[in-house]
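Notes to accompany the following structure.
The values are calculated or read from the model by the stated rules, or taken from the named source; none is laboratory data. What you are looking at is a predicted structure, and each value in this text was computed from that prediction instead of being measured. Every residue, glycine as well, gets a Cβ built from its backbone with ideal geometry; the counts of neighbours run over all protein chains shown.
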Amino acid sequence: MPTEFARLLLAWYLPHARKLPWRGNPDPYAVWVSEIMLQQTRVETVIPYFQRWMQRFPTVQALAESNEQDALQTWEGLGYYSRARNLYRAAKEVVKRFGGRLPTTRLELEKLPGIGRYTAGAIASMAFGQDEPALDGNLRRVLARVFNLTVLLRTKQGKQALQQLLDEHLPRGQAGDFNQAMMDLGATLCTPRSPDCANCPLATICQAYRLGVQEERPLTEPRRQVPLYTVTAAVIRRDGRVLIAQRPVAGLLGGMWEFPGGKQEPDETLTACLEREILEELGTRVTVGEPIGIYRHAYTHFKVTLHAFYCTLNGTEPQAIEASDLRWALPNELAAFPMGKIDRQIARHLSTVAKI
């Protein structure tokens, strides 16, 4: 018998469930792809990427038979590119080990690259009807408010409190709907700021709302200051082509292509920074020419301001010392190489100007 909490939530979900392209899809692969894309990304952002991905890779087999560069290019713009690499690696493993069918249990799913406890619980409950919780940020926030949790949720004590509540309230046989109902409630009514408590189906049992502290739950640690880095990038020109470098697979933007450069050191000019970085990365020297533009971007834990410059070689042939590969490409060929946001902006600029 569902608890009052689960009963109220499921009764609200039935008429209010969001219409999403991966819901109601009988293929567990669609659920898997959507859950990987939704990690650290809003639903509205994910929808067009999900549709494009499923058109390009409609099955696990199709993804496994492609290559990592295709996966990265299709993912481009969604960020957190290790998710795409892991999705591709996991697809190959699913084909090899399970004949192209996702395993149905949380423990087996967790063994695949890129699938942690939350994602495994989401897939197991939504795609296979398993009685597993999917504890994302929305679920944590709803539980913290309804039950007025006064502990930091990511501490050992907080995790124990959340698990105890899930053990008590997860309705057997309805875990998939329960998890999705919590996600929808957190995304539409029980939002991080200015929750719409007047229309919330759980208002009658919400302890934080009764005490007037709903905006103070969940408890959060003070935000750390996000560092800002100044970096440079070189558009090295030769015979109508520009040089691009492929980043190592491990690390930020792994496997993506970029215009070589790097972080400015203290008391270093932008020109000196770029000359040093090119020597360290490519083993050659350049003459730094006129600026192309200034680009800004925020990553999860830091921000960058990037200064791009036209450059010409005045040393030996560049070598892939710190890169996986190097290519000389025409501006109109750059679209075929997966890139991060800033490098794509530079590439688009180059494709619109004749000055190469």
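Odds and ends about this structure:
- Criterion applied to Gly289, Gly251 was being under 25 Å from Leu330 (Cα atoms) and either under 31 Å from the mean Cα position of the chain (by Cα) or assigned to a strand (DSSP E or B) (or both), and the one residue passing it is Gly289.
- For first residues located in the range 287-315 and closer than 27 Å to Pro227 by Cα, partners that are of a type in the set (Ser, Thr, Tyr) and at pLDDT below 95 and lie 6+ apart or on another chain with Cβ distances below 9 Å form the pairs Thr300/Tyr80.
- A single member of Leu274, Leu334 is more than 18 Å from Trp75 (Cβ to Cβ), at pLDDT 95 or above and not aromatic (Phe, Trp, Tyr), and it is Leu274.
- Test: residue in the range 130-141 that is more than 24 Å from the chain's Cα centre (by Cα) and modelled with pLDDT of 95 or more: yes
- Remark: Arg23 matches the filter, which requires a residue to be at pLDDT below 95 and of a type in the set (Lys, Arg).
- Screening the candidates Thr74, Thr41 for the property of being in a helix (DSSP H, G or I), assigned by TED's automatic domain parsing to the domain that holds Ala187 and of a type in the set (Ser, Thr, Tyr) yields one hit, Thr74.
- Hits in the range 205-237 (condition: more than 30 Å from Ala308 (Cβ to Cβ) and touching an Asp or Glu at 6+ places or on another chain (Cβ under 7 Å)): Ile205
- Qualifying residue in the range 162-184 (condition: touching a Cys at 6+ places or on another chain (Cβ under 9 Å) and more than 24 Å from Pro21 (Cα to Cα)): no
- If you filter the range 292-332 down to residues that are in a loop (DSSP other than H, G, I, E, B) and of a type in the set (A, V, I, L, M), you find that the one that is farthest from Leu243 (Cα to Cα) is Ile321.
- Hits in the range 188-202 (condition: hydrophobic (A, V, I, L, M, F, W, C) and more than 15 Å from Leu143 (Cβ to Cβ)): Cys197, Ala198
- Filter result for Ala323 (touching a Pro at 6+ places or on another chain (Cβ under 9 Å), surrounded by 15 or more Cβ atoms within 10 Å (Cβ to Cβ) and not assigned by TED's automatic domain parsing to the domain that holds Asp70): yes
- Filter pass, Ala335 being of a type in the set (A, V, I, L, M, F, W, C), surrounded by 13 or more Cβ atoms within 10 Å (Cβ to Cβ), in the same structural domain as Gln246 (by TED's automatic domain parsing) and not in a helix (DSSP H, G or I): no
Here is a yes/no grid of residues against (1) outside the structural domain of Leu38 (by TED's automatic domain parsing); (2) out of contact with any His (no Cβ under 7 Å at 6 or more places or on another chain); (3) over 30 Å from Asp27 (Cβ atoms); (4) at pLDDT 95 or above:
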position: Arg172; (1), (2), (3), (4): no, yes, no, yes
position: Asn179; (1), (2), (3), (4): no, yes, no, yes
position: Thr191; (1), (2), (3), (4): no, yes, yes, yes
position: Asp196; (1), (2), (3), (4): no, yes, yes, yes
position: Ala208; (1), (2), (3), (4): no, yes, yes, yes
position: Pro222; (1), (2), (3), (4): yes, yes, yes, no
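- Breaking point among (1) farther than 29 Å from Asp167 by Cβ; (2) modelled with pLDDT of 95 or more; (3) over 15 Å from the mean Cα position of the chain (by Cα), for Pro48: (3)
- Residue in the range 117-124 that is among the polar types (S, T, N, Q) and more than 16 Å from the chain's Cα centre (by Cα) present: no
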